[in-house]
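Everything below concerns the one structure shown next.
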Amino acid sequence: MNFSDLGLSHEVLQAVADAGYKAPTPIQEQAIPHVLAGRDVLGCAQTGTGKTAGFTLPMIDMLASGRSRARMPRSLILEPTRELAAQVSAAFETYGKYSRLNQALLIGGESFVDQERKLDRGVDVLIATPGRLLDLYERGKIILSDTKVLVIDEADRMLDMGFIPDVERIVALLPRMRQTLFFSATMPPEIRRLADAFLSNPKEVAVAPPASPAATVAQSLFMVQPFGKREALRRLLRRDDVKNALIFCNRKRDVDILHRSLTKHGLSAAALHGDLTQSKRTETLEKFKEGGVRLLVASDVAARGLDIEGLSHVFNFDVPIHAEDYVHRIGRTGRAGRAGHAFTLATPDDLHFIAAIESLIGRTIPVGKIEGMEPALDHEPTVPLARGGHGKSKRTLPASRAKKPRNHQPHNDHRNQPRHERPVAPRPLPVTMSSFPLVANGVVQALPARRPEPTFAKDDPSVIGFGDNPPAFLFRPRVKLAR
Ligand code: AMP
């Protein structure tokens, strides 16, 4: 199929040709005719599939007729992060270069004054993050009753970031008679519920099974000890003569630590996370995109959906806690049919997260070796992993980490021993994220984190809540008082 078969205007087709696109991507093929026909669309597509053009191209044509009024945007695009909002704004610039549309970008960290000035002039396309949009609405700077087209992009990430209540508030401010386009990389039940609430008789389009990484990304897993991760990363960077790489850490604090460590070792690196000012984030990103810095250490939120041309490598310095994040992370490379590499450093404690990822993507990640480093392998006997999702994980876990049968009885039943001879009960571990099994596609994907084996039987008379030192009065026989 050609772009000219989709019903787009001559101006838009010319801009698409200038961008060098030869043919529409599957999501564009499926979505554009329905958007142009005025239908609501529910799109299951991840970044890298061309979904931005899938909604911007038809919107440019739909908004070509009609005029905007001060403070009353004609269309609204909600994005979870400032970077994604800026990317969509750039897409409108590229594809709308032969059309005369006014757009405004409302993102946190930028001056209110400039944004208000733009709104006063009247905008056809308003691209915003939910928080900043509500700020400006509450200041009386925006009227949303004339917004006829709404795009909710990256809905699953909005959910992860806790933006759904804001999104619900915004949608309640829009007219009921509108066209809504809703995109999400995955469709968990909460997202489905929102889609049902926001969309009216939508055309559903999906371009890939949820959360499947691009086939052009070569994935490898390296088993390392926690203290050997930085060394392993440096060796891999040297070994592969990495051109440019995004390196993901799970916590902002670790982004800074790793960034400092790489710089100390003479490597060209920068850091990107949500605690940096917007101007710093924009500057860092620009520098990385232009090749002024080779390595970008980033958190998930800051780097979600970033479109960096020709990114050769993605490193998971930390294994992501949510399996879906793995797919989003490695999707930054191998874009537009190019080859890419995704390297994951995992410690033995990460095995249950790896199992969840493998179940989600439906394959095992090949294990690689780093020359000069001993892999952190566990030599305990292994047992097969529980399977889940649509994948068949073949990796095995050491027996000590495998799930125990439900009716498992402790071997050490101490009920007949005198109390003082019984072993001390271990204190319960604090409840953390890893205490819970991971669930993806409605299926338990991973084993719960290791918990101490109970050493007391059910009818043990220990006083629960006082550990091993219950006060003596609790054991005193009850005395009946004479009246
Ligand atoms: P997106 O999924 O919207 O983030 O787009 C991913 C990348 O694909 C962007 O760099 C776009 O410029 C590019 N792109 C979008 N549509 C096409 C197309 N039809 N042909 C080639 N590249 C495209």
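Counting Lys and Arg as +1 and Asp and Glu as -1 over every other residue whose Cβ lies under 13 Å from the Cβ of Ala23, the net charge comes to -1.
Taking the Cα centre of the stretch 3-206 as origin, sum charge times position over the Cβ atoms of Lys and Arg (+1) and Asp and Glu (-1), and report the length of that vector in debye to the nearest 20. It would help to have the intermediate numbers written out before the result.
On the way: 24 positive and 26 negative charges, 126 e Å.
My answer is approximately 600 debye.
Residues Tyr95, Tyr21, Tyr326, ranked from the fewest to the most other C-beta atoms within 10 Å, line up as Tyr21, Tyr95, Tyr326. Electrostatic tally near Glu204: other residues with Cβ closer than 12 Å to its Cβ, Lys and Arg +1, Asp and Glu -1, net +1. Under 18 Å from the 7 Å Cα→Cβ point of Arg338, by amide nitrogen: which residues of the stretch 272-300? Residues passing the 18 Å test: 285-297.
With a sphere of radius 9 Å drawn around the Cβ of His265, what net charge do the other residues whose Cβ falls strictly inside it have (Lys, Arg +1; Asp, Glu -1)? That sum, taken over residues with Cβ under 9 Å, equals +3.
Filter Lys229/Lys252; Lys229/Lys369; Lys243/Lys289; Lys252/Lys369; Lys243/Lys287; Lys229/Lys280 down to the pairs with a C-alpha to C-alpha distance above 19 Å, please. Show your work: numbers first, answer last.
Numbers: Lys229/Lys252 17 Å; Lys229/Lys369 13 Å; Lys243/Lys289 12 Å; Lys252/Lys369 28 Å; Lys243/Lys287 14 Å; Lys229/Lys280 27 Å.
Too far apart for the 19 Å limit: Lys252/Lys369; Lys229/Lys280.
Couplings 3J(HN,Hα) for the stretch 114-126, derived from phi with the Karplus relation 6.51 cos²θ - 1.76 cosθ + 1.60 (θ = phi - 60°), are 4, 5, 5, 4, 5, 4, 4, 6, x, 10, 7, 10, 10 Hz, where x marks Gly and Pro. In plain terms, the residue of Tyr98, Tyr137 with the fewest other Cβ atoms within 10 Å comes first and the most crowded comes last, giving Tyr98, Tyr137. The residue among Ala195, Gly122, His34 whose Cα reaches farthest toward the positive pole of the charge dipole of the stretch 3-206, with charges on the beta-carbon of Lys, Arg, Asp and Glu, is Gly122.
Give me the Debye-computed log₁₀ of I(q)/I(0) at q = 0.18, 0.19, 0.25, 0.26 Å⁻¹ for the stretch 221-296, equal point scatterers on Cα only, no solvent, two decimals. Here log10 of I(q) over I(0) equals -0.75, -0.83, -1.33, -1.40. Counting lysine pairs in the stretch 3-151 whose alpha carbons fall under 24 angstrom apart, excluding pairs fewer than 8 residues apart on the same chain, gives 8. The reciprocal of the average 1/r between distinct C-alpha atoms defines the Kirkwood hydrodynamic radius, which for the stretch 1-128 equals 15.1 Å.
Values in this text are rule-based calculations from the coordinates and carry no lab data. From a predicted model like this one, the values you see are computed outputs, not experimental measurements. FYI the Cβ positions are ideal-geometry reconstructions off the backbone, even for glycines, and counts take in every protein chain you see.
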